[in-house]
Ligand SMILES: [Zn+2]
């Protein structure tokens, strides 16, 4: 592509593009996870990027759990948010590499999970983390005297645990 001449028109166009990009990023970042509606896509760390590419706005998302039924719902919600922000032409692409892990959940996201009564996933999840039992602190009282009741909680990505100190059951966001 030949380089455009520098000038007022060019600057205004660049400005418009930057504004559209900021609008797209804000719209997508605020979309909430259908299974855990307290978490936004930004909190979950599944929004990989929003960028201009060959005159198009490209939104890159990464799926959380492969085969998680929420993945399709999230994509639809993102497309709806972009359309509502006046950017129906923005394109949503799936980025599989590097794969998402619970380590991508932001500090804000971890605090929200805890406030909601879900124990946030332990850090530095690696291969096999799903098959090990981490030390899980009760999101209510902070006690680590907890035990697993069931591998599956209210959704496939959460396990059901119980606190021995306050006797309350809680969900634990499993590590991957
Ligand atoms: Zn407790």
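The values are calculated or read from the model by the stated rules, or taken from the named source; none is laboratory data. As the structure is a computational prediction, the values presented were derived from the model and not from experiment. Cβ: placed from backbone, ideal geometry, glycine included. Neighbour counts: every protein chain shown.
For the stretch 90-107, how many residues meet the condition of being assigned to a loop (DSSP other than H, G, I, E, B) and surrounded by 12 or more Cβ atoms within 10 Å (Cβ to Cβ)?
Residues meeting the conditions: 7.
Just need a number here: residues in the stretch 108-121 that are surrounded by 15 or more Cβ atoms within 10 Å (Cβ to Cβ), in contact with a helix residue (DSSP H, G or I) (Cβ under 7 Å, 6 or more places away or on another chain) and not in a loop (DSSP other than H, G, I, E, B).
So the count comes out to 2.
For the stretch 139-164, name all the residues that are in a loop (DSSP other than H, G, I, E, B), over 16 Å from residue 120 (Cβ atoms) and either within 16 Å of the ligand (Cβ to nearest atom) or not assigned by TED's automatic domain parsing to the domain that holds residue 114 (or both).
145, 164
So which residues in the stretch 95-126 are modelled with pLDDT under 90 and farther than 22 Å from residue 161 by Cα, if there are any at all?
Scanning the stretch 95-126 gives 95, 96, 97, 98, 99, 100.
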